[in-house]
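Accompanying notes for the structure given below.
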Amino acid sequence: MMRFDTVIRYGTVVTASDTFVSDVGIKDGRIAALAAELTEADEIIDATGLFVLPGGIDSHVHLDQPSGDGIVMADDFDSGTRSAAIGGNSTVLAFCMQEKGQSLREALKVYHAKAEGKCHVDVSFHLVITDPTAEVLGQELPALVEDGYTSLKVFMTYEGLRLRDDEILATLDTARRTGALVMVHCENEDAIRYLIGRHEEDGKFEPKFHATTRPIAAEREATHRALSLAEIVDVPIVIVHVSNREAMEEIRRARQRGQKIAGETCPQYLMLTADDLDQSEMEGAKYVCSPPPRDESSQDACWEGLEQGVFDLFSSDHCPFRFDDPEGKLNEKGKRHFRWIPNGIPGVATRLPILFSEGVMKGRIDINQFVALTSTNHAKLYGLYPRKGTIAVGADADIALWDPNKSVTVRNDMLHHGADYTPYEGLDIRGWPVRLLLRGKTIVEDGHFAQQIGQGGYLRRDLSSLTRQRGGQI
Ligand code: URP
Ligand code: ZN
Ligand code: ZN
């Protein structure tokens, strides 16, 4: 019989499609056997009563990005990937932000340097296209897709980042030719600027007005427009961080028209509402993100989207800033006007426990859907499958052991991120990842890091399952 480096015994293995009791044999960082009675190993892990899941893949994470004058993101690749690991993730896909006038290769050099030697889980980059010149779209991007940078994000909002429709069309056209997958942030910037102007005339500057200047109609319209532009070019896209029913219905309708679309939602749209922004002492600044959290009926809609498969991806959109900090939410200008509060909230550590507790343990989704929404679909859509995102012979041994009976009350200091708060402080969670293996090596056990952390590597990716074959779904 083969001798393994590690065997996980007596656990219940879960994939996106199956649940079965099996031992897992690991050799040289990969899963080498799934069978009963695997006994020959240097290390035996007893997983009695535990679920054996593929490590989480969070495909929407912002780390160490420049965020405006005097504002500093709270996580670099060290703290951000530490926090990811604590929450049961073995891979994160972060963003490489192109500065105006910068080549994509230069931007990648900067982000690879930021990540080099600092990562505790495996990492890859989406490109953010802010300056789609003929050179960028005609030469750089096609070459980079060949080199394994197979996804990119475009913004329809944020001055300085947003693209015009003709620029989005040109970017989509390059994506169609190269097989890159485009993620779109859908909010109508002109409508938002108009509303900010009106709020300023009325002297409305508190954090709660972040939500009223970014209404559902601004998200719905931009979602419809992004889907229409993709239809015109005939290319799949991902609609990221969907916050409400109306935007979600646009995805449903586009699919009915035959478009290949992936949809993503995030914990903040299940757990928070615009009321969280409406608090005294600037507390509301903690919850400022875009699109903003909506209301309870929007939360219900996002749950429906997860249950019924409108959403393929459940990501964190982790974008952390410190709260009580002049370089964070309460910077001098941010204290006086919501417009200057940096957008984004921390969540890479809490994404999986929240969906497990609120989704699986409360019977809204089953555990196979949980695996699909938090790992497998991310791997398929972003070109990492089957190396990542499943428990199968040959796959990387990225494995999270979950205790469905472990109760945890969320406290900021257990999350290991750089932010000085979590939006989920005090939330009671049932079900927690008690051990995480990255390519066969335990990196977290019972909330503590193993000695041998810092082993995260860079992942070159294949084309997305959505762009690879015409007519294909994930
Ligand atoms: O408010 C958010 N979501 N900040 C992160 C940037 C983005 O749009 O994803
Ligand atoms: Zn976005
Ligand atoms: Zn984001």
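Values quoted throughout were computed directly from the atomic coordinates according to the rules given, and no laboratory measurement underlies them. Since the model is a prediction, treat every value here as computed from it, not as a measurement. Neighbour counts are summed over all protein chains in view; Cβ atoms, including those assigned to glycine, are modelled from backbone coordinates with ideal geometry.
Structure above, values below:
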item	result
Spatial separation of Cα centroids for the range 129-197 and the range 258-278, in angstrom	21 Å
Which of 335, 388, 329, 208 has the fewest Cβ neighbours within 10 Å, and the rest in rising order	335, 208, 388, 329
In sequence order, calculated HN-Hα J values of the range 367-384 (Karplus, 6.51, -1.76, 1.60; Hz; x Gly/Pro)	5, 5, 4, 4, 5, 4, 6, 10, 9, 4, 5, 5, 5, 5, 5, 10, x, 10
In the range 66-163, trypsin sites (Lys or Arg not before Pro) in a DSSP loop with at most 14 other beta-carbon atoms within 10 Å	100
Sites excluded, GluC sites (Glu not before Pro) in DSSP loops with at most 14 other C-beta within 10 Å, longest stretch of the chain	160-280
Sorted by Cβ neighbour density within 10 Å, fewest at the top, the residues 448, 185, 318, 126	448, 185, 126, 318
Charge dipole (the range 56-370, unit charges on Cβ, about Cα centre) - positive-most of 141, 81, 197	141
Projected-area average for the range 182-299 over all orientations - Cα convex hull basis, square nanometres	7.4 nm²
The range 181-232 - charge dipole about Cα centre, Lys and Arg +1 at Cβ, Asp and Glu -1, debye rounded to 20	100 debye
Restraint check, 286/333; 118/333; 204/329; 153/335; 204/333, Cα-Cα greater than 23 Å	118/333; 153/335
The range 102-109 - phi-based ³J(HN,Hα) in whole Hz, Karplus 6.51/-1.76/1.60, Gly and Pro as x	8, 6, 5, 4, 5, 4, 5, 4
Note, ³J(HN,Hα) from phi for the range 237-252, Karplus 6.51, -1.76, 1.60, rounded to Hz, x at Gly and Pro	9, 10, 8, 8, 5, 6, 10, 7, 5, 5, 5, 4, 5, 4, 5, 4
Convex hull (Cα only) mean projected area of the chain, reported in nm² to one decimal	20.5 nm²
Check: the chain dipole with +1 on Lys, Arg Cβ and -1 on Asp, Glu Cβ, in debye	940 debye
